[in-house]
Amino acid sequence: MRSYRIPAIPSSEITPEETYVNRRQFIRAAAAMGIGMAANHALPSVVRAQDRWPQGKKGPYDTDEKVSTFQEITTYNNFYEFGTDKADPAKNSGAFKPKPWTVRVDGEVKKPASYALEDLLKGQTIEDRIYRFRCVEGWSMVIPWRGFQLSTLIKRLEPTSKAKYVAFETVMRPAEMIGQRRPYLTWPYVEGLRMDEAMHPLTLMVTGLYGKELPNQNGAPLRLITPWKYGFKGIKSIVKIRFVEKEPPTTWNIAAPDEYGFYSNVNPDVDHPRWSQKSERRIGEFLKRKTLPFNGYADQVAHLYAGMDLKRNY
Ligand SMILES: Nc1nc2c(c(=O)[nH]1)N[C@H]1C(S)=C(S)[C@@H](COP(=O)(O)O)O[C@H]1N2
Ligand SMILES: [Mo]
């Protein structure tokens with residue numbers, strides 16, 4: 001697990017990921033040779049590191065599978081606010097402005113408030129974690145996310161004892177999001193988690209990937225990731241976090257309740273009504289792989305669903 005504390009690196013200092021990766025390697029090499037910390041300007045600038053990731057020591061939450069390329073992760077997307085084709089989000093999100101950003105926190109919480117994103121991030125431990133990612137459509141990737149545990153944010157926000165679920169909402173900006181001018185889905189996109197799911201250490205609020213800021217098409221500036229659930233639970237460009245007593249509505253459940261339930265745990269034994277979920281295609285690979293229960297995270301999360309009928313609670 002690689003981690004540092006904000007504001008260890010002011011955002012103005014964050015370099016493109018090309019130099020970032022190189023700098024890490026350079027610093028490591030320099031340390032090995034007994035050279036002191038190099039100044040930024042002294043670093044070599046030649047770099048093409050998009051498809052690699054400095055796999056330092058494997059952290060407790062990291063998979064050691066080969067990571068998907070930066071190209072794959074940022075050009076094959078689902079973000080219907082920018083269009084329904086996999087290539088649309090990268091093509092159509094250029095004019096989207098993720099800065100400045102405000103997140104409204106309300107519902108069953110001690111002090112409902114609106115937070116500038118910087119304030120929400122203050123004091124959070126930002127980590128890079130390599131997670132498997134499984135879309136309900138049957139494809140998968142391995143993604144080096146950067147983010148912080150939702151649990152630490154929730155503790156700070158102090159929900160009341162009535163808070164049993166957390167509901168999230170994506171920004172509504174039809175002027176910048178051409179997909180929102182059409183009724184592909186009910187806008188804004190909404191999602192939710194049960195409180196124990198939200199508090200699970202695997203649940204990340206994501207602010208970046210491949211060591212740099214989150215690209216617009218991946219849900220800038222703040223999105224959710226629950227790696228044991230299908231990808232659509234990972235709501236993007238979040239502007240509202242609401243603590244609620246009852247299970248909140250979720251966009252894909254509204255769109256097709258027989259196909260997408262609230263839980264949406266990756267489960268090879270529960271087929272989608274229109275296709276099997278037994279296997280998946282890793283983007284960039286030809287042969288299919290077997291899909292694992294809870295996307296390979298069963299040891300960590302299966303206890304959350306003890307006694308629940310996962311065929312009924314799909
Ligand atoms: N607001 C919003 N969030 C969203 C979606 C969307 O259309 N709108 N698509 C979901 C789906 S189906 C998937 S698979 C993931 C894709 O995330 P990625 O493009 O970063 O891989 O985002 C999820 N979050
Ligand atoms: Mo998806």
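The values are calculated or read from the model by the stated rules, or taken from the named source; none is laboratory data. Note that the coordinates shown come from a computational prediction; the quantities given were computed from them, not determined experimentally. Note that we place each Cβ from the backbone using ideal geometry, even for glycine, and neighbour counts take in every protein chain shown. Side chains included, ligands, DNA and RNA excluded: accessible areas come from the protein's heavy atoms. Shrake-Rupley method; radii C 1.70, N 1.55, O 1.52, S 1.80 Å.
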- Message: Just to be sure I understand the filter: pairs with C-beta atoms under 6 Å, separated by 6 or more residues or on different chains, first member in the stretch 231-253 and within 16 Å of ligand 2 (Cβ to nearest atom), second member open to solvent by 50 Å² or more (accessible area, probe 1.4 Å). Which pairs pass?
- Response: F232/W252
- Can you tell me how many residues in the stretch 91-138 are surrounded by fewer than 17 Cβ atoms within 10 Å (Cβ to Cβ) and in contact with a Lys or Arg (Cβ under 7 Å, 6 or more places away or on another chain)? 5
- Note on the structure: By my count, strands (runs of 3 or more DSSP E) wholly in the stretch 162-226 with at least 3 residues that are free of Cβ contacts under 8 Å to residues at least 60 places away in the same chain are none
- When the stretch 111-150 is checked residue by residue, the ones that are over 26 Å from M172 (Cα atoms) and more than 15 Å from ligand 1 (Cβ to nearest atom) are G123, Q124, T125, I126, E127, D128
- Message: When you scan the stretch 139-159, do you find a residue that is free of Cβ contacts under 8 Å to residues at least 24 places away in the same chain and either open to solvent by 10 Å² or more (accessible area, probe 1.4 Å) or β-branched (V, I, T) (or both), even just one?
- Response: yes
- Message: Need the failing condition index for I241 against (1) within 15 Å of ligand 1 (Cβ to nearest atom); (2) in a helix (DSSP H, G or I), just the number.
- Response: (2)
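Conditions tested, residue by residue: (1) over 27 Å from E65 (Cα atoms); (2) open to solvent by 50 Å² or more (accessible area, probe 1.4 Å); (3) touching a helix residue (DSSP H, G or I) at 6+ places or on another chain (Cβ under 6 Å).
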| residue | (1), (2), (3) |
| --- | --- |
| I235 | no, no, no |
| E247 | yes, yes, no |
| Y260 | yes, no, yes |
| S264 | no, no, yes |
| K288 | no, yes, no |
| Y297 | no, no, no |
| H303 | no, yes, no |
| A306 | yes, yes, no |
- Message: Testing N253 on (1) within 13 Å of ligand 1 (Cβ to nearest atom); (2) out of contact with any Asp or Glu (no Cβ under 6 Å at 6 or more places or on another chain); (3) assigned to a loop (DSSP other than H, G, I, E, B), one condition comes back false. Which one is that?
- Response: (3)
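Can you name every residue in the stretch 185-229 that is among the basic types (K, R) and more than 16 Å from ligand 2 (Cβ to nearest atom)?
Within the stretch 185-229, R194, K212 qualify.
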